[in-house]
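J.: Quick one: the structure is below, and I'll ask about it shortly.
The values are calculated or read from the model by the stated rules, or taken from the named source; none is laboratory data. The structure displayed is predicted, hence computed values, not measured ones. Cβ sites come from the backbone with ideal geometry, for glycine too, and all protein chains shown count toward neighbours. Each accessible area value is taken on the protein alone, full model and side chains, heavy atoms only, with ligands, DNA and RNA left out. Shrake-Rupley method; radii C 1.70, N 1.55, O 1.52, S 1.80 Å.
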Amino acid sequence: MQLILGLLGISFYTEQWWIQDRLPRLNGFSYEPSYYSTYLMIGFSFSYFLYRKKVLLNNLTKNTVIATFLGILLSTSRMGILVAVMQILFFELFIDKKSVKKVLFFILSFFTVLISLVIILLTNENLSFLLAGLGIMGGSAHSSIERLDGFITQIEIFSRNPLKGYSLGGVSQAIAFEKGVTNISQETIKPFDISMNIFIEVLTASGIIGFAFFIYYVYVLLIKSRRSYSSLTKNNHIIMQSLVWGLLFEFIILCFNQNILRAYLWVHIAFLNSWYFATKAKIAEY
């Protein structure tokens with residue numbers, strides 16, 4: 001609906017446009033398209049893994065894969081599209097374990113399409129807006145520079161307080177101070193909420209000691225848990241794998257987006273933990 005109305009020049013809670021009043025960036029009624037893309041990534045990753053593993057093969061799983069992938073594409077979040085395509089490529093090459101001929105064909109097809117798209121974008125002025133903010137071919141680099149600047153600034157302020165940190169709520173304030181802002185309020189620090197990487201954000205916020213606990217928690221969620229659910233039934237095992245798969249690629253995309261205080265990330269972690277303990281408890285009953 002947002003896309004159709006946008007093509008007609010009607011702004012239906014549209015926050016950003018690629019071409020003003022002609023081509024909207026879908027944001028799903030959230031505050032920006034990138035945010036929309038990052039929470040769709042969890043649903044896409046989870047449903048795609050289930051669908052390709054042939055578990056819960058029904059219209060809901062299939063339609064979720066299609067709907068979430070289309071949503072990511074129509075948000076035109078470049079990082080969202082890149083991570084979605086990357087996980088498809090990774091699954092088909094390493095998880096599905098196709099034959100050598102199929103792997104070579106898949107790789108050749110992927111890079112042929114990718115190179116063709118890059119050439120089209122670089123040579124067609126009408127599509128050059130898709131590269132806006134990246135600094136390619138002499139274009140503006142506002143998007144990449146802003147994130148890189150936030151990354152470098154966080155490294156600098158971390159070096160001044162490496163053990164204690166600044167707290168998650170204090171990172172933006174510390175960056176604002178670093179940039180010369182003295183009148184601190186929600187409005188004045190909002191432009192400095194520009195963390196490029198959630199791991200650097202947690203490191204700056206928690207210090208080295210707190211960061212070590214965070215890394216161990218991520219390790220438990222993504223790796224150690226895999227060693228613990230071998231006793232689950234096949235379907236429960238694959239559902240657990242799909243939850244871990246979704247979390248893995250959510251962490252990957254959040255390495256290039258701020259910030260870790262996103263409700264959908266922690267809701268997904270809660271689902272993962274709940275599913276694990278619920279299925280283990282059910283096994284224990286028998």
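J.: So between residue 234 and residue 5, what do we pick up on full extension, going 0.36 nm a residue minus the alpha carbon distance?
T.: Computed gain between residue 234 and residue 5 is 78.0 nm.
J.: Another question, then. How do 254, 70 rank by accessible surface area computed with a 1.4 Å probe, from largest to smallest?
T.: Reading off the accessible areas and sorting them downward yields 70, 254.
J.: For 160, 226, what's the largest-to-smallest order of accessible area, 1.4 Å probe?
T.: Accessible-area ranking of 160, 226, largest first: 160, 226.
J.: Right, here's the next one. With a Förster radius of 22 Å, plug the Cβ-Cβ distance of residue 185 and residue 31 into 1/(1 + (r/R0)^6) and report the FRET value to the nearest 0.05.
T.: The value I calculate is 0.70.
J.: Please give the FRET efficiency for residue 226 paired with residue 85, using the beta carbon to beta carbon distance and R0 = 30 Å, rounded to the nearest 0.05.
T.: E(calc), rounded to 0.05, equals 0.75.
J.: Right, here's the next one. Could I have the simple spin-label model distance between residue 270 and residue 177, label points 7 Å from Cα toward Cβ, reported in nm to one decimal?
T.: 3.3 nm
J.: With a 1.4 Å probe and all protein chains kept in place, how do 267, 244, 85 rank by accessible area, largest first?
T.: Ranked list, largest accessible area first: 267, 85, 244.
J.: If ligands, DNA and RNA are left out, what is the accessible area of residue 90 with a 1.4 Å probe, given in Å² to the nearest 10?
T.: Around 90 Å² of this residue is reachable by solvent.
J.: How many nm separate the modelled label positions at residue 12 and residue 278, each set 7 Å beyond the Cα in the direction of the Cβ?
T.: 3.3 nm
J.: Would you check the accessible area of residue 96, probe 1.4 Å, heavy atoms only, in square angstrom rounded to 10?
T.: Looks like 60 Å² after rounding.
J.: Starting from the Cα-Cα distance between residue 93 and residue 216, subtract it from 0.36 nm times their residue separation and give me the gain in nm to one decimal.
T.: 41.4 nm
J.: Would you grab the residues whose amide H sits under 5 Å from the one on residue 23? Only those 5+ places off in sequence or on another chain, please, with H modelled 1.01 Å from N.
T.: HN-HN under 5 Å from residue 23: 18.
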